[in-house]
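S.K.: Below are the structure tokens for one structure; questions will follow.
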Amino acid sequence: MSVYLVPNLLGLVPPVDVLPARTIAVARALRHWVVETPKPARAFLKSLAPDHAIADLDIRALPERANAAEISALLAPASGGADIGLLSDAGCPGIADPGAAIVTAAHAAGVRVVPLVGPSSIVLALMASGMNGQRFVFHGYLPVPAAERAAALRALEADSRALRRAELFIETPYRNGAMIAAIGESLRASTQVCVAADLTLPTETIERKTSAQWRREDAARFAKRPAIYVLEA
């Protein structure tokens, strides 16, 4: 019995374009799933063209703040000797989603944990940025209010300079315009920021510029596009 950590697609692309054959084969064979959100999970599993009906699968949603009893129930199939797939809405499970709770519980219960290979927007963005891959931190989402967002950006800039590391964060598509504007207004002119949007998709855009250069950019082209930001002072 194992919990397989199955990376999801980052957007609407053929699975064979971004997933290794072993990841696809394992995912096709699994009948029990713990997922972040059932609807996109079913769409992903259908795209793998399994030889069984999606309706026949045991697909269970993982609450964002699941308690011990809920997590135990989600792992119950493993107690009966069945393998379980863990799936995020996009990218790698356990990274910026609630899946880590299932992995922790699996280790505690003596259930084998198997990470499968697939796309991670965080790693892809860092790779493409050319920034410090030896020392970096991912911060998730920054604050939404303008003053707090600006303060958070300046704090990351200070940390990057003092600790000689890259700082990574994510933003929702509809707030990319405000984030890019804040980068231009809040950071030193020379601070480098890479914006990586629509990674692995045909519309993929990866641009690295100084804060001063971002200040002159039309951020509207990043609207409605998932993006990872990499900052280095």
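The values are calculated or read from the model by the stated rules, or taken from the named source; none is laboratory data. Only a predicted model underlies this, so the values are computations on that prediction, with no experimental measurement involved. Note that we place each Cβ from the backbone using ideal geometry, even for glycine, and neighbour counts take in every protein chain shown. Accessible surface areas use protein heavy atoms only, side chains included; no ligands, DNA or RNA. Shrake-Rupley method; radii C 1.70, N 1.55, O 1.52, S 1.80 Å.
S.K.: Give a residue-ordered list of calculated ³J(HN,Hα) values for the stretch 16-22 (Karplus: 6.51 cos²θ - 1.76 cosθ + 1.60, θ = phi - 60°; whole Hz; x for Gly, Pro).
M.R.: Rounded to whole hertz, the list is 5, 6, 10, 10, x, 4, 5.
S.K.: Work out the length of the dipole vector of the stretch 11-117 about its Cα centre, built from +1 on the beta-carbon of each Lys and Arg and -1 on the beta-carbon of each Asp and Glu, and round it to the nearest 20 debye.
M.R.: Dipole of the stretch 11-117, to the nearest 20 debye: 120 debye.
S.K.: I'd like to know which of A61, A27, P14 lies farthest towards the positive end of the charge dipole of the chain, counting +1 on Cβ of Lys and Arg and -1 on Cβ of Asp and Glu.
M.R.: P14
S.K.: Given a 1.4 angstrom probe, I'd like the percentage of the accessible area of the chain that is carbon and sulfur, rounded to a whole number.
M.R.: Looking at the chain in its full context, I get 55 percent from C and S.
S.K.: Tilt of helix 176-186 relative to the longest C-alpha principal axis of the chain, in degrees (0 to 90, nearest 10)?
M.R.: For 176-186 against the chain, the angle is about 40 degrees.
S.K.: Step by step: find N for the stretch 62-193, compute 2.2 N^0.38 Å, then divide the Cα radius of gyration by it. What's the final number? Don't jump to the answer; show the numbers that get you there.
M.R.: On the way: Rg = 18.6 Å, N = 132, 2.2 N^0.38 = 14.1 Å.
The reported ratio for this selection is 1.32.
S.K.: Next question, about the same structure. Got a sec to turn the phi values of the stretch 116-127 into Karplus ³J(HN,Hα) couplings, 6.51 cos²θ - 1.76 cosθ + 1.60 with θ = phi - 60°, whole Hz, x for Gly and Pro?
M.R.: 9, 7, x, x, 10, 4, 5, 5, 4, 5, 5, 4
S.K.: Using only the Cα atoms of the stretch 156-230, each taken as one equal point scatterer with no solvent, compute I(q) by the Debye sum, divide by I(0), and report log10 of the ratio at q = 0.15 Å⁻¹.
M.R.: -0.47
S.K.: Which loop-located trypsin sites (Lys or Arg not before Pro) does the stretch 131-216 contain, where loop means any DSSP state but H, G, I, E or B and the Cβ has at most 11 other Cβ atoms within 10 Å?
M.R.: Of the trypsin sites (Lys or Arg not before Pro), the ones in loops of the stretch 131-216 whose Cβ has at most 11 other Cβ atoms within 10 Å are R135, R216.
S.K.: Turning to a different aspect of this structure: Given H placed on each backbone N at 1.01 Å, which residues far from A227 in sequence or on other chains put an amide H within less than 5 Å of it?
M.R.: E171
S.K.: Roughly how far apart, in whole Å, are the Cα centres of the stretch 192-233 and the stretch 15-73?
M.R.: 31
S.K.: Based on the alpha carbon coordinates of the chain, what radius of gyration and maximum Cα-Cα distance (Dmax) apply, in Å?
M.R.: Values for the chain (Cα only, Rg and Dmax): 19.4, 59 Å.
S.K.: Quick check on the chain: helices-only [θ] at 222 nm, where DSSP H runs of length 4 and up contribute -39,500 (n - 2.57) each and the sum goes over total residues. Nearest 500, please.
M.R.: -10000 deg cm²/dmol
S.K.: About the Cα centre of the chain, how large is the charge dipole given +1 on each Lys and Arg Cβ and -1 on each Asp and Glu Cβ? Please answer in debye to the nearest 20. Show your work: numbers first, answer last.
M.R.: On the way: 24 positive and 22 negative charges, 80 e Å.
Approximately 380 debye in magnitude.
S.K.: Taking loop as defined by DSSP and a crowding limit of 14 other beta carbons within 10 Å, which GluC sites (Glu not before Pro) in the stretch 1-110 fit?
M.R.: E64
S.K.: Give the accessible surface of the chain per residue, rounded to a whole number of Å², with probe radius 1.4 Å and ligands, DNA and RNA excluded.
M.R.: Working: 11310 Å² over 233 residues.
Per residue, the chain has an accessible area of 49 Å².
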